[in-house]
Amino acid sequence: MQPLREILLIDDSESDNFVHSRVIKKAKVTAKVTIKYSGEEGLTYLKTLIDEDYPRPDLIFLDINMPGMDGFEFLEHYEELEDVQKAGVVIAMLTTSTSPVDKKKAEKYDLLQHFDNKPLTQENLFKILKEQFPGRFDD
């Protein structure tokens, strides 16, 4: 297994961030979990990662419903970032929404590689890792 550099959680729910970070830490798939509580905070953080050698997160878990900028608005602004800031970053949306409208809307974003319901479980985490990072998390 080749651990990820960093996983970024963008979610306004303190309890969800706590649970998801615990799942990630228990799985030992990265040494660094960064938490941002809004789409704006997440974008500001990512915009500071402009140097090609500066480590970007390998994986972003993004919530849909957040005050201010929701997950879909985040994706629209994320698309405007420099290519170097997005290189190799996988985005997975985690949501409590069961609306088929949200799922359909998510499918319109090429940058979004995964859509799933909360909470993140270790099983779902490894499913995403195996799909998005082939060969790095095989048994």
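The values are calculated or read from the model by the stated rules, or taken from the named source; none is laboratory data. Keep in mind the model is a prediction, meaning the values are calculated, not measured. All Cβ positions, glycine included, derive from the backbone under ideal geometry; neighbour counts span all protein chains shown. Calculation scope for accessible area: heavy atoms of the full protein, side chains included, ligands and nucleic acids excluded. Shrake-Rupley method; radii C 1.70, N 1.55, O 1.52, S 1.80 Å.
Do the conditions hold for residue 84, that is, is it under 22 Å from residue 125 (Cα atoms) and of a type in the set (Val, Ile, Thr)? Against the criterion (under 22 Å from residue 125 (Cα atoms) and of a type in the set (Val, Ile, Thr)), residue 84 does not qualify.
Here residue 15 meets each of (1) within 24 Å of residue 64 (Cα to Cα); (2) part of a loop (DSSP other than H, G, I, E, B); (3) not acidic (Asp, Glu) with one exception, condition (2). Yes or no: residue 21 assigned to a helix (DSSP H, G or I), more than 15 Å from the chain's Cα centre (by Cα) and either among the hydroxyl-bearing types (Ser, Thr, Tyr) or closer than 21 Å to residue 97 by Cα (or both)? So residue 21 fails the test.
Conditions tested, residue by residue: (1) under 17 Å from residue 13 (Cβ atoms); (2) under 14 Å from the mean Cα position of the chain (by Cα).
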position: 58; (1), (2): no, yes
position: 61; (1), (2): yes, yes
position: 79; (1), (2): no, no
position: 96; (1), (2): yes, no
position: 123; (1), (2): no, no
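Please go through segment 106-119 and pick out each residue that is touching a strand residue (DSSP E or B) at 6+ places or on another chain (Cβ under 7 Å) and closer than 14 Å to residue 91 by Cβ. First the steps, then the outcome.
Narrowing segment 106-119 to residues touching a strand residue (DSSP E or B) at 6+ places or on another chain (Cβ under 7 Å): 106, 111-118.
106, 111, 112, 113, 114, 115, 116, listed by residue number.
Residue check: residue 56 meets all listed conditions (1) closer than 16 Å to residue 30 by Cβ; (2) open to solvent by 50 Å² or more (accessible area, probe 1.4 Å); (3) among the basic types (Lys, Arg) but one, namely (2). Counting only residues that are of a type outside the set (A, V, I, L, M, F, W, C), more than 17 Å from residue 95 (Cβ to Cβ) and surrounded by fewer than 18 Cβ atoms within 10 Å (Cβ to Cβ), segment 6-40 holds 8 of them. With respect to (1) surrounded by 14 or more Cβ atoms within 10 Å (Cβ to Cβ); (2) under 22 Å from residue 26 (Cα atoms), the lone exception for residue 123 is condition (1).
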